[in-house]
Amino acid sequence: MQGRHKLNKKFIADFTLLLVVFVWGSTFVIVQDAISFLTPFSFNAIRFFIAFVILSIIYLVFTKKNKLHFTKESIKSGFILGTWLCLGYGFQTFGLLYTTPAKAGFITGLSVVLVPLLSFLLLKYPLNRNIILGVIFAAGGLYMMTMMQSSSFGFGDFLVLLCAVSFAMHIIMTSKYAAKYHAIPLTILQIGVVSLLSFIGSLLFEQPGKMYQLDVLLQPEVVIGLLVTAILATAFAFLAQTYFQAYTSPTRVALIFALEPVFAALTSYFVINEAFTASMIAGCTLILAGIILAEWPVKTSTKLQDQHHSH
């Protein structure tokens, strides 16, 4: 009976994480619609502030008996995580101004492959054959998707690649801090930092006087974009990821998260009829194969896979 209960929890965890990935993948198109009215930093400032408020209410309501989890060390960790997350979303949202949602989705997916490489360089985790092959596959796929197109590897694609590096760093830092601190306060802190840094970015690089006006904020595309991304893609997604990763293996999480670019491409195809060339499809396939291969456990060492906390 206990085994069945454990199996059910694993299934619920996997299914919920798949739902998170579907939400992340399908929001590329929604974000692109919203940022045609609201500039990227302003969009992220409001999106993450709404999520911050939602999570803070959840924390205050459901953790009355717990001691205060905000310490000097956890705040510092939350700030580091929030900075990488802010860079990730900032580069991604800016990249969407210059590239297609499908390409952005697939390039963002490369963060899953970058994790083992950066873990090796920064944390000295060992690399195995599958990881090296996965990186080669993904790099080849990236080349086919971008350099072989008439648009080549554009400025938007470069920004989204920087986003993938930032998300990879966020995953590595999460694996470093998640074990030390309570999950919900850490999530609240990093989401609050993303909102704050994005607001500062909007003041420095955008026209806040024009952006934070009701006629812009009440545009249907902006309202839908903010609510869907704040509630589902931020508050629900990060809370679900934090909670359910305890019931499934990090390797399976990484494999599930590798499906994000597939959902992004499919949404792009069905919603805005984005056309795919043969080399784009081949490139997508190679990147996806590379992502999955890099996460495939090998018999000699599964230590690296077990260190992952995927974005």
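Tabulated data for the structure shown
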{"read-out": "Derived scalar couplings ³J(HN,Hα) [region 127-139; Karplus, 6.51 cos²θ - 1.76 cosθ + 1.60; whole Hz; x for Gly, Pro]", "value": "9, 10, 4, 4, 5, 4, 4, x, 5, 5, 4, 5, 5"}
{"read-out": "For region 84-172: rounded, prolate or oblate by the Cα gyration tensor [a/c cutoff 1.5]", "value": "oblate"}
{"read-out": "Residue 210 accessible area, assembled protein chains, probe 1.4 Å, Å²", "value": "120"}
{"read-out": "Heavy-atom accessible area ranking, 1.4 Å probe, most first, across 143, 89", "value": "143, 89"}
{"read-out": "Of 43, 11, 244, the one that fluctuates the most in a GNM where the chain has Cα springs shorter than 10 Å", "value": "11"}
{"read-out": "Cα gyration tensor shape of the chain, rounded if a/c is under 1.5, else prolate or oblate by comparing a/b with b/c", "value": "oblate"}
{"read-out": "Distance in nm between pseudo-label sites at residue 266 and residue 180 (7 Å out along the Cβ direction from Cα)", "value": "3.9"}
{"read-out": "Accessible area (Å², per residue) of the chain, counting only protein heavy atoms and a probe of 1.4 Å", "value": "47"}
{"read-out": "Solvent exposure, largest accessible area first (probe 1.4 Å, DNA, RNA and ligands not counted), of 182, 170", "value": "182, 170"}
{"read-out": "For region 31-139: relative contact order, % (alpha-carbon pairs under 8 angstrom, 6 or more apart)", "value": "29"}
{"read-out": "Label-to-label distance, nm, for residues given as residue 136 and residue 11 (7 Å Cα→Cβ offset)", "value": "4.0"}
{"read-out": "Label-point gap, in nm, between residue 36 and residue 227 - each point 7 angstrom along Cα→Cβ", "value": "2.0"}
{"read-out": "Residue 173 - accessible surface, heavy atoms, 1.4 Å probe, Å² rounded to 10", "value": "30"}
{"read-out": "Label zone at residue 73 (point 7 Å along Cα-to-Cβ), backbone N below 19 Å, region 172-199", "value": "173-190"}
{"read-out": "Solvent accessible area, Å² - residue 189, 1.4 Å probe, full protein context", "value": "30"}
{"read-out": "Global geometry of region 17-150, whether rounded, prolate or oblate, following the gyration tensor of its Cα atoms and the 1.5 cut on a/c", "value": "oblate"}
{"read-out": "Dipole magnitude of the chain about its Cα centre (Cβ charges: Lys, Arg +1; Asp, Glu -1), debye to nearest 20", "value": "1420"}
{"read-out": "Percent RCO, i.e. relative contact order, over the chain, from Cα pairs under 8 Å lying at least 6 residues apart", "value": "41"}
{"read-out": "Percent carbon-and-sulfur accessible area, region 66-215, ignoring ligands, DNA and RNA, probe 1.4 Å", "value": "71"}
{"read-out": "Estimated 222 nm signal from helices in the chain, with DSSP H stretches of n ≥ 4 weighted -39500 (n - 2.57), rounded to 500", "value": "-24000 deg cm²/dmol"}
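The values are calculated or read from the model by the stated rules, or taken from the named source; none is laboratory data. On a predicted model such as this, the values are computed, not experimentally measured, just so you know. Please note: Cβ atoms are built from the backbone with ideal geometry, for glycine as well, and neighbour counts cover all protein chains shown. Surface accessibility is based on the protein's heavy atoms, side chains included, excluding ligands, DNA and RNA. Shrake-Rupley method; radii C 1.70, N 1.55, O 1.52, S 1.80 Å.
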